[in-house]
Amino acid sequence: MCSLMTMLGYGEEIRRRRTDKYRDTDMVINSAQSLFTVNTAGSKAEGLTCPLESDVDCLFVLNDVLCVESGTSLRTVQDDKYLLRIDMRAPPGYCKLLQERETQTMGSYLVQESLCDNGYGEKNLSSALWINLWINFFKWFSLPLLWNNSIVNCEIAGPSIPDIRGGKVHNDKVFGLRCHCNSILQRWAARPRHWPSKDIIAKVVSLGAYVTPVGSKESEYKHMEWRICFNTGEAELVNNLTDTHAKVYVILRMILKEIIKPENKEITSFVLKNIVLWQAEKTPRTEFRAGRFFHWLHDGLKELKTAIENRHFRYYMIPERNLMAACGLDDALQSKWVADITDMMEEGHKVILRLEKIRKAIVASPEPMLWFSKNKIELEMLELELFTRVRQCKTLTDYNIFTNAIRRRKFEIVREVKVRMTLEGGSSHDELNALLDVECWLDLQDLWFRLLE
């Protein structure tokens, strides 16, 4: 099973190459401007998905604004930082932000647009006003692209501002703030555990935390609350899972998307990530070997079933926060999903045959499968390289030379794949000649998008 998933593009090497490319892209973007630090987040930062296989999640963090815990000495913080004090009088995993120190910076102007009086002589930063600020900004900023349908803005989802670009690329943008909450990270670091190692624990602590503009769904004051999160730290943890365990996570994500199919995010892949992280912490690393793949998949399904039954699952970084709180899961859906997962657990190894991509790979011949996989991975790497390197071109000539070379090779790969598909499908000589003479570019372009999914 693990070898098959490597051929499908979920092996350790390709995951590392993906994470490196997205990290390089972030560095190029961040070197070109100083207002934000941009962090690719979610499955892209974890190297788990192809470019069009899932949304591209990006966290934009204002550089000149900082949130600090109560009791922090202001003398230890740079004078040019606009400071907000963290008020933990909120549901677990959430906080409120109070104005602590003003500065005259671009970031401070943006923050002040979202401040409101809390009735006790203090100014709170409203998460609702903050996200509305960015919604309005993007409506103005992307107006020329909206006119020609290059960008389609979507309904707000939690803290993110989603859009679809070119009809294919789904983006989720989150505008957050850097948060110094060492007490939470130290409690996490001090837990007895089998995993991760001490150096990875230290790195996760050093990466710190963020707050994003969404409150607890159950709270009366959700419009004033912010969620505490650890995007970069969690990506580091997922990148340090064993190869087998990372593949268990990928299959659980496929099961959620293709079999359970939640329509209103009653269950999300974030819950699955937390299931996998808890598994890793509680279990010796040597237990996650290829021969026990289905054991851990079964265990993950059991944990998911329990979470649905109880409407409760603990957040890995802040166990007091319930990831299933107010998730919108009604009794009928709860019963259906519990029954569905029970059936999957009883099927054992055969459960993977429910997944179209896995089922097709199992019945495919090994040689064509390897050839197709090699070309698919090369195409993906070219796409990521293009995305990164075009931002580094200093002249139009450099840009044209580089992009033309990449696009030429991408076209060659897609045409080679289409020709082989045509030959093996028994198509006519006329169809094959059309492909070789590049008369059906739209057909090839459609195949290119499919290869990146």
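Structure data summary
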{"quantity": "From Asp80, Asp87, Asp20, Asp64, residue being surrounded by fewer than 16 Cβ atoms within 10 Å (Cβ to Cβ), at pLDDT 90 or above and more than 15 Å from Asn231 (Cβ to Cβ)", "calculated": "Asp20"}
{"quantity": "Positions within segment 91-115 being touching a residue at least 40 places away in the same chain (Cβ under 8 Å), farther than 16 Å from Val61 by Cα and touching a helix residue (DSSP H, G or I) at 6+ places or on another chain (Cβ under 8 Å), in sequence order", "calculated": "Lys96"}
{"quantity": "Residue within segment 197-216 that is among the polar types (S, T, N, Q), modelled with pLDDT of 95 or more and over 28 Å from Asp87 (Cβ atoms) present", "calculated": "yes"}
{"quantity": "Residue match in segment 36-50 (condition: farther than 17 Å from Leu382 by Cα and among the charged types (D, E, K, R))", "calculated": "yes"}
{"quantity": "Test result for Asp24, among the charged types (D, E, K, R) and outside the structural domain of Phe230 (by TED's automatic domain parsing)", "calculated": "yes"}
{"quantity": "Check on Ile358, outside the structural domain of Leu52 (by TED's automatic domain parsing) and either hydroxyl-bearing (Ser, Thr, Tyr) or touching a residue at least 60 places away in the same chain (Cβ under 8 Å) (or both)", "calculated": "yes"}
{"quantity": "Residue satisfying all of: in segment 233-291; assigned to a helix (DSSP H, G or I) and of a type in the set (Phe, Trp, Tyr); surrounded by the most Cβ atoms within 10 Å (Cβ to Cβ) among these", "calculated": "Tyr249"}
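Per-residue answers, yes or no, for (1) of a type outside the set (Val, Ile, Thr); (2) in contact with a Lys or Arg (Cβ under 8 Å, 6 or more places away or on another chain); (3) assigned by TED's automatic domain parsing to the domain that holds Glu100:
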| position | (1), (2), (3) |
| --- | --- |
| Val38 | no, no, yes |
| Ser43 | yes, yes, yes |
| Leu48 | yes, yes, yes |
| Leu62 | yes, yes, yes |
| Gly71 | yes, no, yes |
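The values are calculated or read from the model by the stated rules, or taken from the named source; none is laboratory data. What you see is a predicted model, and the numbers here were worked out from it, not measured in a lab. Virtual Cβ from ideal backbone geometry, glycine too; neighbours counted across all protein chains shown.
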